[in-house]
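Structure first, then comments.
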Amino acid sequence: KAMGYILDWRKTYRAELTLGIETDTQDSSGRVIAQKAVCITPEQAAEAIRGFVGRYRQLPPMFSALRHQGKRLYQLARRGVTVERDEREVEIYLIEIVKMALPVILFDVTCSKGTYIRTLCADIGKRLGCGGHLSYLVRLKTGIFGIEDALTLEEVKSLAEKGQISGRITGVDRLFGGFESMELSPRDEGKFINGAYVPLGGRDFEADQLIRVYGEEGAFLGLGKVLEKDSRRYLKSEKLFQVRAGN
């Protein structure tokens, strides 16, 4: 239910670019298709990498899950088929070089949804004239969630066996922490859950604004949308979760 609201979140990755070697998948899992000497300075490499900050048009790789006439591109690529793809505009918000030991460069990148980091690495290599591929990748952050808050499957299993897992489960309302919130009376809570209009009274919300809505006991009910009717503003349920506090 919440996925549609978080797909546009920015993502941050730590990526390792190996220059001088191109692969058909643009990462280390692929077949080497070209090798060139890396005759550049660290300053030239840094300038090229930072030059990708901002919007740029990226050609999705053939080895991707995008569809063409009902088939996944990677399925076609594995059969040696290449089809035309449209470039898509992506945005690189930030690139920070962590370590450089040419021909290998480790960097952190924050980008928009739809960005292929292996294609970014290939494009950097192309700009430098020596080619390159993604040799390592880990996602550090998605929106408000960072890898430092993550648990391994082994840790999840251990906590569950000790009866401590509930303390590490994040309430779904945290996803909407950027929205304003309001608490409803028991009477208005019933209206809200059943899809009826709830008068906002003197609450100062804008039309079409999304609001985090809670019940009287602090239970997160879901998201409400502010609607205007007959010069008055009301709250109506947009997406119900009805998650009870403490569960």
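The values are calculated or read from the model by the stated rules, or taken from the named source; none is laboratory data. If you're wondering where the values come from, they're calculated on a predicted model, not measured in any experiment. FYI the Cβ positions are ideal-geometry reconstructions off the backbone, even for glycines, and counts take in every protein chain you see. Remember, those area values only see protein heavy atoms, side chains included, never the ligands or the DNA or RNA. Shrake-Rupley method; radii C 1.70, N 1.55, O 1.52, S 1.80 Å.
Shape of the range 1-142 from its Cα gyration tensor (a ≥ b ≥ c, root eigenvalues): rounded if a/c is under 1.5, otherwise prolate when a/b > b/c, or oblate? Please report the intermediate quantities before stating the final value.
Details: a/c = 1.96, a/b = 1.17, b/c = 1.67.
In terms of gyration-tensor shape, oblate.
Protein heavy-atom surface of the chain, 1.4 angstrom probe: 47% of the accessible area is carbon and sulfur, with nucleic acids and ligands not counted.
State, to one decimal in nm², a quarter of the convex hull surface area for the C-alpha atoms of the range 33-73, i.e. the direction-averaged projected area.
4.8 nm²
Stokes-Einstein diffusion for the range 137-178, with the hydrodynamic radius set to the Kirkwood value over Cα pairs and evaluated at 25 °C in a medium of 0.890 mPa s, equals 207 µm²/s.
Under the Kirkwood approximation for Rh and a Cα-based Rg, what ratio Rg/Rh is obtained for the range 56-100?
On the Cα set of the range 56-100, Rg over Rh gives 1.15.
Placing dummy labels 7 Å off each Cα toward the beta-carbon, the span from residue 197 to residue 87 is 4.9 nm. The sum of -39500 (n - 2.57) across all DSSP H runs of n ≥ 4, divided by the residue count of the chain, sets its helix-only mean residue ellipticity at 222 nm to -5000 deg cm²/dmol.
Determine the gain in length on full extension of the stretch residue 53-residue 217; use 0.36 nm per residue of separation and subtract their C-alpha separation, reporting nm with one decimal. The partial results should precede the final answer.
Details: separation 164, 0.36 × 164 = 59.04 nm, distance 4.63 nm.
Here the answer is 54.4 nm.
If you roll a 1.4 Å probe over the heavy atoms of the protein chains, what accessible area per residue do you get for the chain, in Å²? Write down the numbers at each step before the final one.
Values: 14630 Å² over 247 residues.
Accessible surface, normalised per residue, equals 59 Å².
The base-10 log of I(q)/I(0) for the range 117-247, evaluated at q = 0.10, 0.12, 0.16, 0.19 Å⁻¹, reads -0.55, -0.68, -0.85, -1.02 [Debye formula, identical scatterers on Cα atoms, solvent excluded].
How large is the translational diffusion coefficient of the range 1-65 in µm² per second when you combine the Kirkwood radius over alpha carbon pairs with Stokes-Einstein at 20 °C and 1.002 mPa s? Mind showing how you got there, number by number?
Working: Rh = 15.1 Å.
It comes out at roughly 142 µm²/s.
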